[in-house]
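Participant: Before I ask anything, let me first share the structure, which is written out below as structure tokens.
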Amino acid sequence: MKNLFVKIAAAGLLMLAPAIAEAAEGYSTANVNMRAGPSTRYPAVAVIPAGSSIEIRGCLSDVNWCDVEFYGGRGWVSGQYVQALYQQRRIYVGPQYYRPLGIPVIRFSVDNYWDRYYRNRDFYRDRDRWSRGPDYYYRDRDRDNRDRDRNNRDRDRDWRDRDGRDQDRDRDRNRDWRDHNRRDDRRDNDRRFFDCRPGDPSCDE
């Protein structure tokens, strides 16, 4: 029976081990942006002042970015701005120190992470585009900007063309009006000549 309790206790410790190792204490080495993803192209969600204490929740294995907690907020910071205490000295967080520091290796998913922490942020509505990666997001945004600029240019050209047509129509209308007035003047002169009779005083004018 005693051996059974020992085995159960050991199993419980093994189950608790991941929970114990789910965070490590760290420090920011500069005023650094905490971002919504592991890249400088993701939106900044806060600024961590130099020397501030942070909790390192996990880091990526392929790039040196870590998911950190600062004053209850969550975000990503590059490991080159994060130090942790290792063997009585501060070291910059890197993959070679993840295991000794008890930092778990994690993955990043925009959908899961943003659903959990950024539902009230403006950029959350674009999460479908961000989920393809920041490079895709900026490429799509630049394409949208180019399309909008092209549409604006086309609209401006249409306005100019319409203004030009309106001006041509006004010129034609003015020319027709002047021609009409000249015809009226000629008709009046012809009538005056025709109505003039010899001996009529008006013929002498």
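The values are calculated or read from the model by the stated rules, or taken from the named source; none is laboratory data. Keep in mind that what you see is a predicted model, and the values were worked out from it rather than measured. Methodologically, a virtual Cβ is constructed for each residue, glycine included, from the backbone with ideal geometry; neighbour enumeration extends over all protein chains shown. We work out accessible area using only protein heavy atoms, side chains counted, and drop any ligands, DNA or RNA first. Shrake-Rupley method; radii C 1.70, N 1.55, O 1.52, S 1.80 Å.
Participant: In nm, give the distance between the simple-model label positions of T29 and D115, each being 7 Å from the Cα along the Cα-to-Cβ direction.
Facilitator: Label at T29, label at D115, 3.6 nm between them.
Participant: Going by a ≥ b ≥ c, the root eigenvalues of the Cα gyration tensor, does the stretch 41-112 fall in the rounded group (a/c under 1.5), the prolate group (a/b larger than b/c) or the oblate group? Write down the numbers at each step before the final one.
Facilitator: Numbers: a/c = 1.90, a/b = 1.23, b/c = 1.54.
Since a/c reaches 1.5 but b/c is at least a/b, the shape of the stretch 41-112 is classed as oblate.
Participant: Turning to a different aspect of this structure: Grab the Cα-Cα distance for R165 and I91, subtract it from 0.36 nm times how many residues apart they are, and report the gain in nm with one decimal.
Facilitator: 19.4 nm
Participant: Just how much of D135 is accessible, in Å², when a 1.4 Å probe is used and the result is rounded to the nearest 10?
Facilitator: Approximately 100 Å² for this residue.
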